[in-house]
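Right, one structure below, let's go through it.
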Amino acid sequence: MTRIDDTPPAWDERTQLTTFLDYARDTARAKCAGVSAENARTAPLPSSPLMTMSGVVNHLRWVEYYWFQVVFLGEEDQGPWTEKDPDREMRIAVDFPLTQLLDEYAGQCDRYRRLVAANALDKQAQRPVRDGLHVDLRWILLHLIEETARHNGHLDILREMLDGTTGD
């Protein structure tokens, strides 16, 4: 997977936000390029048994689902998590090939690009997030940039610990 450049093709706010989110998404996929199936499922940190490369990718997929479909669109939450197992998306990820998780994440990102393109940045989410606050699409994009970038750091560390691969 070749990452896109983080320089937007235009300087309007929407293009800058979507370019940075795509850059972060592409970076996550690039961190996973060539990792073995075994390493993708391995949790090298004894204190973090759910922190696998597969788990992080699946988490990123489901985080976008939650923010776009559940919060922004107001759909019913069909995520894999439960009250008893709030991190289930990370736990079940090891049951699927990393390539499948990456393909599902890429397909979902394509759908969300279209959703973002079709809505104003000022449009408020259907569901409140806390204290009754309805964030707007701009806030969701900023949050996903932060979330994805933070988890890219986790993927970077995991990959280096697992097979010594380092990169940008």
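The values are calculated or read from the model by the stated rules, or taken from the named source; none is laboratory data. Model, not experiment: these values are computed from the prediction. When we count neighbours, we look across all protein chains shown, and the Cβ atoms used for this are built from the backbone with ideal geometry, even at glycine. The protein model used for the area step is the full one, side chains on, heavy atoms only, and it has no ligands, DNA or RNA in it. Shrake-Rupley method; radii C 1.70, N 1.55, O 1.52, S 1.80 Å.
A few comments on the model shown:
- Computed extension gain for Ile157 through Ala37, at 0.36 nm per residue and net of the alpha carbon distance, reaches 41.5 nm.
- Rough spin-label spacing in nm, given labels placed 7 Å along Cα→Cβ, for Asp122 and Asp103: 4.2 nm
- Shape of the stretch 17-132, Cα gyration tensor, a/c cut at 1.5: oblate
- For the chain, the fraction of 1.4 Å probe accessible surface lying on carbon and sulfur atoms is 52 percent.
- Extension reserve of the Thr7-Ser47 stretch, reckoned as 0.36 nm per residue once the Cα distance is removed: 10.7 nm
- Note on Val129 and Thr165: with the Förster distance fixed at 35 Å, the Cβ-Cβ geometry gives a FRET efficiency of about 0.45.
- Order by protection proxy (mean Cβ within 10 Å, highest first), peptides 92-101, 140-149: 140-149, 92-101
- The residues of the chain present an accessible area of 52 Å² per residue when probed at 1.4 Å with all protein chains retained.
- Taking 0.36 nm per residue of separation and subtracting the Cα-Cα distance, full extension of the segment from Arg14 to Arg88 would add 23.4 nm.
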